[in-house]
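Here's the structure we're looking at; comments come further down.
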């Protein structure tokens, strides 16, 4: 699913899974891990990890401990710990995380906010512009 | 004292071969109690009511999940525990409770360790293992025919191939606890009260006050046949399987489709399925799977 697996937090067996052909509307709330391969329109909230597969299409705000994105998200994403955007991932919205990882080729259009305990001088974001894209920030490596 | 309800039709008459040995063993253990034999549909419920009226505090199902389903619905709110001597063609509950064969069941009954487990509710009918919509119900029908002897092994496989080839997915709308809704084409949809089905996550417990919903969106012919034979590993079909957890679900479909519980057809869509306020007291093994 992801090119650089070692960059992602292991999800184990997800407790909630939205399959490829499923269209979900409303608030999907869980204490455990959530995997989305289908469509979600609404909101996703969990104390665990949200994994958004390459075929997933999310129109929702996402709030979780860890968020792994390989599909498309239209909405704001808050990861209280780690947010990973893989090569095929696309986010149209603001993101907030303690640890942020964006792979080359990912598309991110929005504002990014790091947690307050991360000192600003340590963050080195490399901006790469792609043809016909609205990529704003695409760092090559994970920074804390 | 124990009241034993023997369903002679369970498991293709399995009980008839061991009945005398079973009674001897129960006598040895000092838990022989009273025996009653059901004679037809609805009789298990009538016998359970008779046991309750006589003041028995334990009713033992000598049969499978279908027999148990009739007993739990007859027990209702009464303070009566269920014991199980597995003799059915489907013994999902007994297996979950760690009761795998009749000799072991006798010892477990004598030890009498009682646990409370959740019950599911479809309209006004209780169930203890799982409820299903879709391909499962075709398989249940074929297995019933096998039990009655009208369908042999070859006939079962022939029917399974035909069913897998002709099967059309069902379009379902599911509303979970009024919080979110799901729309999808469905090969099979199950709501389980624990890890009763081989594709239910093992974390699922019959004491968590939740039902685990497993939605299989689509399977090709080959996989559908494997599913019918019970050999398909759904964990290797990512994207085709969805899993949710809920206390209450409302299920609607364009045309009515049948809903089964504990392997028996009990309702049609539209239907609401939920965790019941009632709990089932049941005698369990120390080796139970929860």
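The values are calculated or read from the model by the stated rules, or taken from the named source; none is laboratory data. Since this is a predicted model, take the numbers as computed values, not measurements. Positions of Cβ are backbone-derived with ideal geometry, glycine not excepted, and every protein chain shown enters the neighbour counts.
Just one of the listed residues (B:89, B:10) is within 18 Å of the chain's Cα centre (by Cα), over 17 Å from residue B:283 (Cα atoms) and surrounded by fewer than 22 Cβ atoms within 10 Å (Cβ to Cβ), and it is B:89. Going through (1) farther than 29 Å from residue B:45 by Cα; (2) more than 14 Å from chain A (Cβ to nearest Cβ); (3) in contact with a strand residue (DSSP E or B) (Cβ under 8 Å, 6 or more places away or on another chain) one by one, residue B:176 falls short only on (2).
From the list B:260, B:276, B:242, the lone residue that is assigned to a strand (DSSP E or B), closer than 21 Å to residue B:174 by Cα and in contact with a helix residue (DSSP H, G or I) (Cβ under 6 Å, 6 or more places away or on another chain) is B:260. Might you let me know whether the stretch A:66-73 holds any residue that is at the interface with chain B (Cβ under 10 Å from one of its Cβ atoms) and either under 17 Å from residue A:111 (Cα atoms) or modelled with pLDDT of 95 or more (or both)? Within the stretch A:66-73 (the criterion being at the interface with chain B (Cβ under 10 Å from one of its Cβ atoms) and either under 17 Å from residue A:111 (Cα atoms) or modelled with pLDDT of 95 or more (or both)), the answer is no, since none of the residues qualifies.
Exactly one residue among B:185, B:233, B:208 is over 29 Å from residue B:58 (Cα atoms) and out of contact with any strand residue (DSSP E or B) (no Cβ under 6 Å at 6 or more places or on another chain), and that residue is B:233. If you filter the stretch A:29-42 down to residues that are closer than 20 Å to residue A:94 by Cα and facing chain B (nearest Cβ under 9 Å), you find that the one that is surrounded by the fewest Cβ atoms within 10 Å (Cβ to Cβ) is A:42. Output the number of residues of the stretch B:126-154 satisfying the condition of being more than 24 Å from residue B:227 (Cβ to Cβ) and at pLDDT 95 or above. Selection size over the stretch B:126-154: 1. Taking the criterion of being over 22 Å from residue B:89 (Cβ atoms) and at pLDDT 95 or above, the residues of the stretch B:33-56 that qualify are B:34, B:46, B:49, B:50, B:51, B:52, B:53, B:54, B:55, B:56. Applying a threshold of 6 Å to beta carbon distances and a minimum spacing of six or more residues, or different chains, the list of pairs starting in the stretch B:156-175 at a residue that is free of Cβ contacts under 8 Å to residues at least 40 places away in the same chain and ending at one that is part of a helix (DSSP H, G or I) and surrounded by 14 or more Cβ atoms within 10 Å (Cβ to Cβ) reads B:156/B:142; B:156/B:146; B:159/B:142.
Selection of the stretch B:191-233 for residues being at pLDDT below 85 and either under 20 Å from residue B:260 (Cα atoms) or more than 9 Å from chain A (Cβ to nearest Cβ) (or both) yields B:194, B:195, B:196, B:197, B:198, B:199, B:200, B:204, B:205.
Candidates are the residues of the stretch B:223-239 that are without any contact (Cβ under 8 Å) to a residue 40 or more places away in the chain and part of a helix (DSSP H, G or I); the one that is surrounded by the fewest Cβ atoms within 10 Å (Cβ to Cβ) is B:236. For the stretch B:255-290, residues that are touching a strand residue (DSSP E or B) at 6+ places or on another chain (Cβ under 9 Å) and closer than 16 Å to residue B:129 by Cβ total 20.
List every residue pair whose Cβ atoms sit under 6 Å apart, with the two residues 6 or more apart in sequence or on different chains, where the first one lies in the stretch B:179-191 and is more than 13 Å from residue B:213 (Cα to Cα) and the second, anywhere, is not in a strand (DSSP E or B). Short answer, once both residue conditions are applied: B:184/A:21; B:184/A:22; B:184/B:217; B:185/B:169; B:187/B:135; B:187/B:169; B:187/B:218; B:187/B:219. For the stretch A:45-55, a residue qualifies if it is within 13 Å of chain B (Cβ to nearest Cβ) and closer than 17 Å to residue A:15 by Cβ, and the qualifying residues are A:45, A:46, A:48, A:51, A:52, A:53.
Only one of the listed residues (A:66, A:61) is under 20 Å from residue A:32 (Cβ atoms) and surrounded by fewer than 19 Cβ atoms within 10 Å (Cβ to Cβ). That residue is A:61.
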